[in-house]
Amino acid sequence: MDRASPAPARDFSEHQFRDALAQFATGVTVIAARREDGRFVGFTANSFNSVSLDPPLVLWSLSRRSLSLPAFETAERYSVNVLSSSQAELARRFSRPHTDRFEGVAYRLGWSQAPLIEGCVAWIECSHHARHRAGDHIVFIGDVQACARGAGRGLVFHEHRYGWTRPL
């Protein structure tokens, strides 16, 4: 029987880890849900990814310290709003503390009964599939029930800045 060799001691700081991750460009989303009291909760997330085409599954993660966590842990449905390159200020708004992040934001409700923000390049609506604790985050897996594509280019986050891509 082979034994796995022990992991080497980690010789990097949290800051170095963040800088290394910043070299991986990601899309930018706002994940949103309806709270039990009927109000909406949402936050900026670039920790979003596809998992499976059959069945259609996506994943995202949220810090266990987030004030939004209880609302997402009880939500059976939520929306993923894929932001356009013109929505960097919206990404900043949903990444900072704010009394009502949706105040003044144009949206409609879809199947999930969660906000579908106007002007996005895509919308994905999910039902809860699974949740897993992973370090200092909770990983959510959503079962995609509806999706649509808008127009424009998607917003990306790379090297700690917002931007967009262009074809080579």
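Here are some notes:
- You will find that of LEU21, LEU53, the residue that is open to solvent by 70 Å² or more (accessible area, probe 1.4 Å) and modelled with pLDDT of 95 or more is LEU53 and no other.
- Leading residue by the ranking (most open to solvent (accessible area, probe 1.4 Å)) among those in region 63-115 that are assigned to a strand (DSSP E or B) and among the hydrophobic types (A, V, I, L, M, F, W, C): LEU109
- Selection over region 97-136 of residues that are closer than 17 Å to ALA75 by Cα and either aliphatic (A, V, I, L, M) or in contact (Cβ under 8 Å) with a residue 60 or more places away in the chain (or both) gives a count of 11.
- Any hit, region 29-50, residues being in contact with a His (Cβ under 7 Å, 6 or more places away or on another chain) and open to solvent by less than 30 Å² (accessible area, probe 1.4 Å): no
- Among the residues making up region 148-168, those that are assigned to a strand (DSSP E or B) and farther than 23 Å from LEU62 by Cβ are ALA148, ARG149, GLY163, TRP164.
- Residues in region 103-123 that are over 15 Å from GLY142 (Cβ atoms) and either of a type outside the set (Asp, Glu) or in contact with a strand residue (DSSP E or B) (Cβ under 8 Å, 6 or more places away or on another chain) (or both): 12 in all.
- Residues that are of a type in the set (Ser, Thr, Tyr) and within 29 Å of ARG153 (Cβ to Cβ), drawn from region 1-57: THR26, THR29, THR44, SER47, SER50, SER52
- Test: residue in region 126-139 that is within 26 Å of ALA22 (Cα to Cα), polar (S, T, N, Q) and open to solvent by less than 80 Å² (accessible area, probe 1.4 Å): no
- Matching residues in region 118-133 - criterion: being part of a strand (DSSP E or B) and either among the β-branched types (Val, Ile, Thr) or more than 28 Å from ALA88 (Cβ to Cβ) (or both): ILE124, SER127, HIS128, HIS129, ALA130, ARG131, HIS132, ARG133
- Checked against the criteria, GLN145 does not count as surrounded by fewer than 18 Cβ atoms within 10 Å (Cβ to Cβ), part of a loop (DSSP other than H, G, I, E, B) and touching a residue at least 12 places away in the same chain (Cβ under 8 Å).
The values are calculated or read from the model by the stated rules, or taken from the named source; none is laboratory data. Remember, it's a predicted structure, so these values are computed and weren't measured experimentally. Positions of Cβ are generated from backbone atoms using ideal geometry, with glycine treated the same way; all protein chains shown enter the neighbour counts. Keep in mind that these areas ignore ligands, DNA and RNA; they rest on the heavy atoms of the full protein, side chains included. Shrake-Rupley method; radii C 1.70, N 1.55, O 1.52, S 1.80 Å.
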